[in-house]
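What follows is a set of notes on a single structure, which appears directly below.
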Amino acid sequence: MLQQAKGWQIGQPHHDGSTGFALLHCQQRFLQQADGGMFWPLASLEQRFSPWLLDIQGIGYLDGQPVFLYELTERPDDEQWQWVSLRSQLGHENADWFGMLSYASQIGVWSRQHRFCGSCGQPMQSSTEHRMRYCQPCGLQQYPRLSPCMIVLVTRGDEVLLARSPRFVSGLYSCLAGYAEPGETMEGCVHREVYEETRIRVHNLRYVTSQNWPFPHSMMMGYHAEYLEGEIIPQEDEIEDARWFKIHQLPLLPLSGSIARYLIDLHLHERSGSSKPVLPR
Ligand SMILES: [Zn+2]
């Protein structure tokens, strides 16, 4: 049954080879046709791309149209085509468009990485009921992976604690962030990561919001925390520089639309009455 709702909806449409459109994906890039479109008509697509076809997944509906992911083993070249990165679509004016590509890419990564059982090595089968792969011989089940990660804005009066990783573009500073360890709460993760990265202790944690970050499959949980004690000592190899910035003398910040920027803009709003930022999606 076709979904009639507007916008992007996750689902598992049935693949009959003619109804709907396909996204062609390989390692966080999508294949664009000569006319700039990223939606490929399904007719003869399987045949045309059969040498590289790894998997087909019904991933949902865009404006009521079924959307399928064609995951390819590698990126075939053609002078008429272009491989477009997921990252380049991050600031797309239509948030539903990025939401769809983000989901497609994460399903593609999962499909590619779970073709064989990690326990006994046998080929995995796809469930027809859930987005799940399972191993018939040993019973292992694999769902699309999400990696929980905290991101926190630490504040001290009119100052915010920002840091830069060696990977960042020149001059850019952002909030502290890090992945949760097994057995840890998100709040425990905030305390541990802030201390490891800067030797600062924090308190009065407040959960703010979350954002799925598909590079490749992070679930960012955003917090605000207040400074408690300590002097900044940046963690070797991880943190190139960390410092307190006055809120009216901020460095180059992450792009709008990221949860890092949202946490900073929200604090500015609460502290100085600047306009309230829009929640990231
Ligand atoms: Zn197995």
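Looking at 93, 74, 79, which is the one that is away from the ligand (no atom under 16 Å from the Cβ), in the same structural domain as residue 55 (by TED's automatic domain parsing), under 22 Å from residue 255 (Cβ atoms) and surrounded by fewer than 12 Cβ atoms within 10 Å (Cβ to Cβ)?
It is 93.
Tell me, please, whether a residue that is among the polar types (S, T, N, Q), part of a strand (DSSP E or B) and in the same structural domain as residue 101 (by TED's automatic domain parsing) can be found in the range 25-35.
Yes; the residues of the range 25-35 include at least one that is among the polar types (S, T, N, Q), part of a strand (DSSP E or B) and in the same structural domain as residue 101 (by TED's automatic domain parsing).
Return a yes/no flag: does the range 179-191 have any residue that is touching a helix residue (DSSP H, G or I) at 6+ places or on another chain (Cβ under 8 Å) and in contact (Cβ under 8 Å) with a residue 12 or more places away in the chain.
Within the range 179-191, one or more residues are touching a helix residue (DSSP H, G or I) at 6+ places or on another chain (Cβ under 8 Å) and in contact (Cβ under 8 Å) with a residue 12 or more places away in the chain.
Show the residue pairs meeting these rules: Cβ distance below 6 Å; 6+ apart or different chains; first residue within the range 110-131 and over 19 Å from residue 216 (Cβ atoms) and at pLDDT below 95; second residue more than 10 Å from the ligand (Cβ to nearest atom) and outside any loop (DSSP other than H, G, I, E, B).
126/133
Working only within the range 40-65, note down all residues that are surrounded by fewer than 16 Cβ atoms within 10 Å (Cβ to Cβ) and not in a strand (DSSP E or B).
43, 44, 46, 47, 48, 50, 51, 52, 63, 64
Quick check on my filter: what residues within the range 1-24 are part of a loop (DSSP other than H, G, I, E, B) and in contact with a Gly (Cβ under 9 Å, 6 or more places away or on another chain)?
2, 3, 4, 5, 6, 7, 11, 12, 13, 14, 15, 20
Might you let me know whether the range 140-155 holds any residue that is in contact with a Lys or Arg (Cβ under 9 Å, 6 or more places away or on another chain), without any contact (Cβ under 8 Å) to a residue 24 or more places away in the chain, more than 16 Å from the ligand (Cβ to nearest atom) and over 30 Å from residue 67 (Cβ atoms)?
No, there is no match, as no residue in the range 140-155 is in contact with a Lys or Arg (Cβ under 9 Å, 6 or more places away or on another chain), without any contact (Cβ under 8 Å) to a residue 24 or more places away in the chain, more than 16 Å from the ligand (Cβ to nearest atom) and over 30 Å from residue 67 (Cβ atoms).
Determine if the range 108-117 includes at least one residue that is in contact with a helix residue (DSSP H, G or I) (Cβ under 8 Å, 6 or more places away or on another chain) and either of a type in the set (Gly, Ala, Ser) or more than 16 Å from the ligand (Cβ to nearest atom) (or both).
Within the range 108-117 (the criterion being in contact with a helix residue (DSSP H, G or I) (Cβ under 8 Å, 6 or more places away or on another chain) and either of a type in the set (Gly, Ala, Ser) or more than 16 Å from the ligand (Cβ to nearest atom) (or both)), the answer is no, since none of the residues qualifies.
Tally up the residues in the range 219-273 that are surrounded by 14 or more Cβ atoms within 10 Å (Cβ to Cβ) and at positive phi, please.
1
Does residue 164 satisfy being in contact with a strand residue (DSSP E or B) (Cβ under 7 Å, 6 or more places away or on another chain), of a type in the set (Lys, Arg) and away from the ligand (no atom under 16 Å from the Cβ)?
In short, yes.
Of (1) over 17 Å from residue 103 (Cβ atoms); (2) crowded, with 19+ Cβ neighbours inside 10 Å; (3) not aromatic (Phe, Trp, Tyr), residue 69 satisfies all except one. Which?
With (1) over 17 Å from residue 103 (Cβ atoms); (2) crowded, with 19+ Cβ neighbours inside 10 Å; (3) not aromatic (Phe, Trp, Tyr) applied to residue 69, the lone miss is (1).
The values are calculated or read from the model by the stated rules, or taken from the named source; none is laboratory data. Since this is a predicted model, take the numbers as computed values, not measurements. Positions of Cβ are generated from backbone atoms using ideal geometry, with glycine treated the same way; all protein chains shown enter the neighbour counts.
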